[in-house]
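Just below is one structure, and these are the notes that go with it.
The values are calculated or read from the model by the stated rules, or taken from the named source; none is laboratory data. Predicted model only: the values in this text are computed from it and were never measured. As a convention, Cβ positions derive from the backbone with ideal geometry for all residues, glycine included, and neighbour counts pool all protein chains shown.
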Amino acid sequence: MPSAGRAVGSAGAVALAPAAAVAAAAPSAAAPSNHWRREGSSGPNSACKVWIKGSPRLRFRSILAVNRQGGKQGMTMRRCVAIFLMVMFSGWSAIAAGAAAMRDCAQCPELVRIPAGTFLMGADIEEPRRLGLPEFWAKREQPKHRVRIARGFSIGKYEVTRGEFAVFVSETGYAPAPGCWHFVGTEWLFDGERSWADPKIDQSDDHPVTCINWHDAVAYVEWLSRKTKAHYRLPSEAEWEYVARAGTQTAYWWGDDVADVCRYVNLGDLDAQDKFGWDRTHIKYDALGDWKGQPCHDGYPTLAPVHATVANPLGVFGLLGNANEWVADCWNDDYRTAPADGAARLVGADCGLRAMRGQGWTANASSTRPAFRLKMNATDRRFTFGFRVVRE
């Protein structure tokens, strides 16, 4: 794990380089298997990280020598050089993001530094329609518009874990009201015995904390700010999507192919179907008709440990699927009033409704996209609801 302390991020505003370009240059660019990659793996990418962060003099000398080197090692080094040049000239890559990982205290969430930049937020209406998303949901992603994130920020490398939330509860005495919504067949049911500490699904201290409402998440980030003397908060919708897109404009950060979704996302799949019997009843969303789970296996019937999810090209894990993530914004039905600077919209038709992003382990592929938006009551706690932090 990186040592505690703060890292200095990029000062200049950059447009994020296309993730496909980084992936093409990376020595291990092959798609992950269904046994998701775990943190700490070794290989050519690790060697590249060491080389990129090494002595500038030696790095320069190796660039001069790399074309004289043959075999597999020479190929690896040439790819490392390609990645390094993209970092220098685009201001961004997965390795650059990963190198900036940090945390403010031993019990604090690990963070990844995100540079300033611009991106297109939302989706053309054809994207959700092509994936079968009901029209009332699809229209929430309109109009597609340009957003400029003027200042860099740090975001949780992972969703906040149950163990991290337990430290907050222990130190403050904060006591969320008992009870949490779960679903059985087509119905969401309230269970007064479920809670963040025991949502009665697969969960350990390394899993995302769930059964969290918006106010619980805000209480956590306010405590973290007091504890560390830094400014922690929930991400805005725009910040969340900026990170989730990772410089791409495709339906998913790995491309447009929905067939690959179980390689990258913990969602409602055949594993969940087997556990909950979705083959014998309709799932809870009437709008999705007979959908009973994505026809693939992601390896987890419910939550996955945060370290077992897949990182996007910016080094941020589990943005799509696993747990739904609260963001700061009041709910607005579309982007007609969205600010161009990526700030949270804190005035809306009803701030008792808040936006959520990323979807969770019960969702389908049409909704586990960077552009998808969900509105929920700020007081609702469900066994799919979690969050991640931002630090300014």
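Summary of values
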{"item": "Single residue of TRP278, TRP291 found to be part of a loop (DSSP other than H, G, I, E, B), modelled with pLDDT under 95 and closer than 22 Å to GLU127 by Cβ", "result": "TRP291"}
{"item": "Test: ALA197 is among the aliphatic types (A, V, I, L, M) and not in a helix (DSSP H, G or I)", "result": "yes"}
{"item": "Residue pairs meeting the criteria (Cβ under 8 Å; at least 6 apart or on separate chains; first in the same structural domain as ALA238 (by TED's automatic domain parsing) and within 14 Å of ALA116 (Cβ to Cβ), in region 127-152; second of a type in the set (Gly, Ala, Ser) and in a helix (DSSP H, G or I))", "result": "VAL147/ALA238; ILE149/ALA238"}
{"item": "Any pair with Cβ under 9 angstrom, 6 or more apart, that starts in region 212-227 at a residue that is among the basic types (Lys, Arg) and ends at one that is surrounded by fewer than 24 Cβ atoms within 10 Å (Cβ to Cβ)", "result": "LYS227/ASP104; LYS227/CYS105; LYS227/GLN107; LYS227/CYS108; LYS227/PHE168; LYS227/GLU171"}
{"item": "Residues satisfying the stated conditions in region 222-238, i.e. buried (at least 23 other Cβ atoms within 10 Å of the Cβ) and either modelled with pLDDT under 95 or of a type outside the set (Gly, Ala, Ser) (or both)", "result": "LEU224, TYR232, LEU234, PRO235, GLU237"}
{"item": "Condition met for ASP202 (surrounded by fewer than 16 Cβ atoms within 10 Å (Cβ to Cβ) and out of contact with any Phe, Trp or Tyr (no Cβ under 9 Å at 6 or more places or on another chain))", "result": "no"}
{"item": "Within region 323-392, strands (runs of 3 or more DSSP E) holding 2 or more residues that are in contact with an Asp or Glu (Cβ under 7 Å, 6 or more places away or on another chain)", "result": "324-331, 350-357, 385-387"}
{"item": "All positions within region 339-353 that are among the hydrophobic types (A, V, I, L, M, F, W, C) and either more than 18 Å from ALA123 (Cα to Cα) or modelled with pLDDT under 95 (or both)", "result": "ALA343, ALA344, LEU346, VAL347, ALA349, CYS351, LEU353"}
{"item": "Search result, residues across region 245-278 that are in contact (Cβ under 8 Å) with a residue 24 or more places away in the chain and of a type in the set (Val, Ile, Thr)", "result": "THR248, VAL258, VAL261, VAL265"}
{"item": "Selection status of GLU164, within 17 Å of GLN359 (Cα to Cα), buried (at least 16 other Cβ atoms within 10 Å of the Cβ) and acidic (Asp, Glu)", "result": "no"}
{"item": "Tally, over region 205-215, of residues that are farther than 16 Å from GLN359 by Cβ and surrounded by 24 or more Cβ atoms within 10 Å (Cβ to Cβ)", "result": "4"}
{"item": "Any hit, region 199-211, residues being closer than 23 Å to VAL147 by Cα, at pLDDT 95 or above and in the same structural domain as GLU126 (by TED's automatic domain parsing)", "result": "no"}
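Here is a yes/no grid of residues against (1) touching a Leu at 6+ places or on another chain (Cβ under 8 Å); (2) among the hydroxyl-bearing types (Ser, Thr, Tyr); (3) buried (at least 23 other Cβ atoms within 10 Å of the Cβ):
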site	(1), (2), (3)
ALA338	no, no, no
LEU346	no, no, no
ASP350	no, no, no
MET356	yes, no, yes
THR362	yes, yes, yes
PRO370	yes, no, yes
ARG382	no, no, yes
GLY386	no, no, yes
GLU392	no, no, no
